[in-house]
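Enquirer: The structure under discussion is supplied below as structure tokens; questions concerning it will follow.
Here, each number is a calculation from the coordinates, and none is a lab measurement. Because the structure is predicted, anything quoted here is derived from the model rather than measured.
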Amino acid sequence: MVTIGGGLAASFKWVYEYSGKIKWDKNKFLLEQVDKFQSLETTQLAQKCLDWNSATIVYGGQTIKFNDETLIDALKTHNVKHSFSSSEVAIRKIFDEYFDGLTKLVILSKSKLISEENLILFLEYWFDILSGDAHNKKRDLVEQIHLYLNFYGYSNLLNFLIKNTQNK
């Protein structure tokens, strides 16, 4: 009986330690993915556009002055607007890459390769802006971002934003 009890205790200890290692490995992987995402030029530029209400960015050798209205116009969908200036095209490219990166992280969390809770902790500020919870962006811009996400197939990201807004 003592042998069985000792064996069970050792098994539980091993399972506990192994699950802790898995959690550690998932968080390490998350940190690597977020660091990689944050180091991208397009991520930094998109976040500057989201953080500031007007500023100047440089992308592809092009200097772009923007404000919230500029972003709204640049992020209009093709069913509403058919022609875009070179600055608007650049802004769209920046946001497409940014949304691609965020979608990848969301899919990693949906597939349980990374923790959704920890992903939110790392990127909460940006998720709050994109969902409208931060209140530092005009409602029109947040709604246009949501229309853009929906129209261009970023449904995983949009659903993630909506779900986590409702959970606050």
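Enquirer: Let me check against my output: what whole-number percent is the relative contact order of region 62-153, with C-alpha pairs under 8 Å and at least 6 apart?
Expert: Relative contact order here is 35 percent.
Enquirer: Considering only Cα-Cα distances, which of the following residue pairs are longer than 21 Å: K104/K137; K76/K110; K76/K112; K28/K104; K65/K138; K28/K110?
Expert: Violating the 21 Å Cα-Cα cut-off are K104/K137; K76/K110; K76/K112.
Enquirer: Search the structure for amide H atoms under 5 Å from the amide H of Y59, placed 1.01 Å from N in the peptide plane, and list their residues when 5 or more places away or on another chain.
Expert: Those lying under 5 Å, H to H, from Y59 are I64.
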